[in-house]
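Presented below is the structure to which this report refers.
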Amino acid sequence: MFPARVIICEVAPRDGFQSEDQWIPTEQKIKIIRALANTGVQSIEVTSFVHPKAIPQLKDAEEVVKGIEDLTDFRKKSPILKECAGRSPMSRWEMNFGWL
């Protein structure tokens with residue numbers, strides 16, 4: 001049996017941008033997210049709030065979110081990476097997803 005409803009979450013702004021070697025200007029990121037929102041997708045991972053040393057391409061996360069605050073037709077989602085004290089070095093990071 002198939003579900004009555006499926007929600008597709010677009011991850012290109014977060015996952016794709018973080019993989020690029022050259023800096024993508026903040027305005028260009030906002031333009032791409034706006035274009036994706038216009039397709040009708042209901043959920044978009046717009047960025048990630050991580051330390052700039054970990055993922056330099058996402059150092060403008062706050063500006064990106066501010067640049068799309070007026071968009072309300074989709075759910076804006078962002079993973080937040082946080083360090084968890086008392087864990088081994090390989091497992092001390094935890095990913096939490098939060099709706100913006």
³J(HN,Hα) across the stretch 33-50 via Karplus (A = 6.51, B = -1.76, C = 1.60, θ = phi - 60°), whole Hz, x for Gly/Pro? 4, 4, 5, 4, 4, 5, 6, x, 4, 8, 9, 9, 7, 7, 5, 9, 8, 10
The stretch 1-73: which chymotrypsin sites (Phe, Trp or Tyr not before Pro) are DSSP loop and have at most 14 other beta-carbon atoms within 10 angstrom? 23
In whole Hz, with x marking every Gly and Pro, tabulate ³J(HN,Hα) for the stretch 22-32 from phi via Karplus 6.51 cos²θ - 1.76 cosθ + 1.60, θ = phi - 60°. 8, 4, 9, x, 3, 4, 5, 4, 4, 4, 5
Just flag the trypsin sites (Lys or Arg not before Pro) in the stretch 1-64 sitting in loop per DSSP whose Cβ has no more than 15 other Cβ atoms within 10 Å. 5, 53
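The numbers here are math on the coordinates, done by the rules we state, and not lab data. Quick caveat, the model's predicted, so the values are computed rather than measured. Cβ sites come from the backbone with ideal geometry, for glycine too, and all protein chains shown count toward neighbours.
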